[in-house]
Amino acid sequence: MSKQTAIALYPKDTTKFVGQGYGILADTYSATTTESAEENGNIKYELELTYPIDGPLADKLKDTNLIRVPVSVNTDAYQIFEIYDYLDDDAGTMTVYGQSLTYRLFNLPFDNGGNIVRSGGVNDVLNYAKSLVPQWPSGASLVTDIPDNIKVEDQFNNFGDFLNRLVAMVKGEVQYDNGVWKLLKKRGADSGITLRDDKNTVGLQIKYTYDEIINRVIPVWQNPDKGADESNKEIVGRPIISKDPFKYYGYWRGKTIKVDSQADTVGYFDKNPIDKPKITATIRPLLVDEDFDNVGLFDYVQIYNHRLKYLAKLQIITRQFDCLNREVTDFTVGSVERNIFVAQKQQQQEQQDETNKKIDDTKDTIDKETDKKIEESSKDDQEFALTSANGRSKNYYGDSQPTGNLQEGDMWFKGALSNGAVTMYKYVNGKWVELFPKGFDEKLRAEMEASDKETEAQIKAAGFANAQELFRAVSDNGKQIVSVKANFNGLQSTVTNNANNTSSRFTQMSNLFDSKITDTTNNLSSQITQKVNSIKLSTSGGYLYLNGSNVYLGGSNIRITGQTYIENGAINNAAIANLDAGKIVSGKIHAIDIQGSTISGGEIKGTTINGSTLSGSSTISLSAGGRTTMISGQYGISTPEFQLTNGGVAKFTGQVDSFGVINAGGRGLVADSIMYKGYELRDYILNQIRNNK
C-alpha cells in the first residue's frame, strides 16, 4: 500500500474512521499540516491539500466533510480535519483548507447564555463548562493533568471563548488528538538535537535578537521601618551586574525589579537569562544532517552560536508535516511566551457586547415607559413652546406631552411651568426619551470609574507591570528615576521623583493612549485617557468626558469664559452674575425670583417685589380701580387727593377738620400730629378761635 492511500475522505457526520468513507484521495497532489503555538497559549492546527479540479471526489471536497491524514512516520498516527473552505485555480487544481476536528468544540453554545461561575481544579471547571453545553459531540472529550485551582466568573459567547480564557489562566501546553482537547503541564520532550551555526547550517536560518538584553538590574523594595504618618517610600538597593556585562551588548542596559530585600537578588541572572540574546531558528530538516521525523510541537532543540559561544535550548513553536511523504518539512524554534493580553482583549470585547445588549434593553424599556406615560398624561395641562436657538427645533414647556408637528431634536421641559422638579425629554425616533433618568449622575460616575479600572487593567495586561525595560536610569542620590518599557503591545515611560513624591507616566498601545501625573503628598493627580470611542480629561476635582456622541463636564466649580453658544440646550440650575435682558429675544419667563439685581429697560407686570430697594430716575405707576398713584424720583409721590414733592412740601385736595382729619372725596387721612407755624394744628386753631373772641 502506497503512502498516499492513508489520505481518505469521510461524510461530515462520521464518528469512526476505520473504513474508507467516500474513498481514498489517491489523486492528491500535496497535503501539508501546520501546527503552531498561539499567543494566548492555545494552538492552531490546519490542513492544506491540493487536488485535481476534475478528480472523482472533487465535488465532495467542496462541502464541510472530513479528511483523514497521517501526521507522523508512525502509520497508526493520523488526524481528522474538517473542510472549511476551498479555492479553484486556472491550473486545473483546487486547494482545500481544513481545520482540526477539535475546532468543533470551539463553536459550541451554552444553554444558559454562557454564564460560568466556578471555583476548583482545572478538570472540575472544564467538566462543569461541558455540562452547560446542550449537545456535546459524540466522541469529543476534554483532558488535563494540571492540578491548579482556579476561579472562573464571567459570561462567554461560546465554548471556545471559555477554553481560550482557561489556557490564559494556567501554564500549560495544548494538544489536539482526534476530538480530544488536552491541556497538559508539559507536552514537549527533549529531542537531544543540537544545531550549530558553524556545522549543520544547511537549511537552517538562525536569528538573534539583542534589543531586549538587560545587563544591570536595580532592586527596589518597601521601607520596612516607615512610620505610620509616612507615605509608601521605597528603598533603592545596590545594582546587580551580569557575569559578562558587555559580552552581548556594548553598553549598560538596566531594569528595576521589586524584591523584599537585597538578598533576593542573588543568582538573578542565572535564574533569568535576560543578559543573553533571544534566538529563533527556521529549519528545513531535509537539508540538515539530523532526523526530525519524530520531532513534535513544543519539543526542545538546542541552538549553538560559535561566535558568541552561546548555547540556548528552545521549543518548537511551528511544525509542518508532509502527509504524502510522511516527513517533517519545516519548523521554527523559539521561546513560547504565555500572554494573557490576548485573552484580556477578548474578555473586554465580550463585556462590550454585553454592555451594548444592556443599552438596547434599556432603550426598549424607556420606549415602553414613555408610551405608558404618554397614555397617562393629561391633555388639559398648560403647554408652552419656543423656537430653540438654532431655529430648526423647538423647546416645549409644560406638564402635558407635546403633540402636533414635532420634529427630531425637539426638547420638552416637563414641569417647567410649575414649582416642582423639571424633567427633560428629547424627541428621538418618533418618541419622547428622558435624557437624565433618576440616578444618572451616579451611573455616569460609576461608568467613568469602571473605565479607569479597565484602563489600568488593560495596561497591566499588556505586560507593563513587569515588562522588560529598554532603558533605566537612577540619579546618584537615588531620588530621580526614569524608565522606558516596551513589548509588542506598546510603549510605556515613567519619570519618578522620590524627593517630592511626584511621578508622570505615559502609556501608548494600539487602542489606548494614557498620560497620568501624580502627587502622592498632596493627593493630587491629573490624567488624559484616549480610547477608540472615548476621551477623558480628569483632575482630582473635575473631569471632561467624551463618550461616543455624549459630552460630560463635571466639577465643584466650572467657569466658562468668552462667547459661548449652546445649540438646542438646557440649563436646569444656574447662578448667573450678569444677565443682559436684551439677549432674551423671545418668550416668557415664568415663576422666577429676582433678588439683589438691577433690572432696566423693560416692563414688570403682575409681580410682587418684597424686601427690595428701587432706585433711579424712572417713574413707577401703580393703577387699581380707576385710581393711579405715581412715584417719581424727580417729582415725588402723587395721588388724586395728595402730593408730596421732592422738596418736602405736601399738598392735599380736601378739607382738614379740627381733629386733624383730611376729608378728600369721601376718604380721610388721619395724622397723629399736624404742625402749623410751630404749633400743632389743633392747638393753633383753638388759639385763633379764642383770640377772635
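The values are calculated or read from the model by the stated rules, or taken from the named source; none is laboratory data. Not measured: the values here are computed from a predicted model. Quick reminder, even Gly has a Cβ in these numbers, built from the backbone with ideal geometry, and neighbours come from all protein chains shown. Heads up: the accessible areas ignore ligands, DNA and RNA and are worked out on the full protein's heavy atoms, side chains in. Shrake-Rupley method; radii C 1.70, N 1.55, O 1.52, S 1.80 Å.
For this structure, a couple of remarks:
- Just one of the listed residues (TYR97, TYR51, TYR84) is surrounded by 16 or more Cβ atoms within 10 Å (Cβ to Cβ) and either at pLDDT below 90 or in a strand (DSSP E or B) (or both), and it is TYR51.
- Which numbered condition TRP252 misses (of (1) modelled with pLDDT of 80 or more; (2) in a strand (DSSP E or B)): (2)
- For region 1-40, taking the residues that are in contact with a strand residue (DSSP E or B) (Cβ under 7 Å, 6 or more places away or on another chain) and at pLDDT below 85, the one that is least open to solvent (accessible area, probe 1.4 Å) is identified as ALA6.
- Residue within region 200-214 that is modelled with pLDDT of 85 or more and surrounded by 13 or more Cβ atoms within 10 Å (Cβ to Cβ) present: yes
- Considering residues of region 514-533 that are within 14 Å of THR502 (Cα to Cα) and of a type in the set (Val, Ile, Thr) only, the residue surrounded by the fewest Cβ atoms within 10 Å (Cβ to Cβ): THR521
- In this entry, ALA486 is excluded by the filter for residues that are under 18 Å from the mean Cα position of the chain (by Cα) and at pLDDT below 75.
- Residues in region 231-244 that are over 17 Å from ILE274 (Cβ atoms) and either open to solvent by less than 80 Å² (accessible area, probe 1.4 Å) or modelled with pLDDT of 85 or more (or both): SER231, GLU234, ILE235, VAL236, GLY237, ARG238.
- Within region 136-189, considering residues that are among the polar types (S, T, N, Q) and modelled with pLDDT of 85 or more, the one farthest from the chain's Cα centre (by Cα): SER141
- Filter pass, LEU406 being of a type in the set (A, V, I, L, M, F, W, C) and either modelled with pLDDT of 65 or more or closer than 29 Å to ASN550 by Cα (or both): yes
- The residue list LYS453, LYS536 contains one member that is surrounded by fewer than 15 Cβ atoms within 10 Å (Cβ to Cβ), over 24 Å from VAL259 (Cα atoms) and at pLDDT 75 or above, which is LYS453.
- Candidates are the residues of region 490-529 that are at pLDDT 70 or above, farther than 20 Å from GLY254 by Cβ and assigned to a loop (DSSP other than H, G, I, E, B); the one that is nearest to the chain's Cα centre (by Cα) is ASN511.
- Region 303-330 - residue that is among the hydrophobic types (A, V, I, L, M, F, W, C) and surrounded by fewer than 17 Cβ atoms within 10 Å (Cβ to Cβ) and, of those, farthest from GLY172 (Cα to Cα): LEU308
- Number of positions in region 417-436 that are open to solvent by 30 Å² or more (accessible area, probe 1.4 Å) and either among the hydrophobic types (A, V, I, L, M, F, W, C) or at pLDDT below 70 (or both): 10
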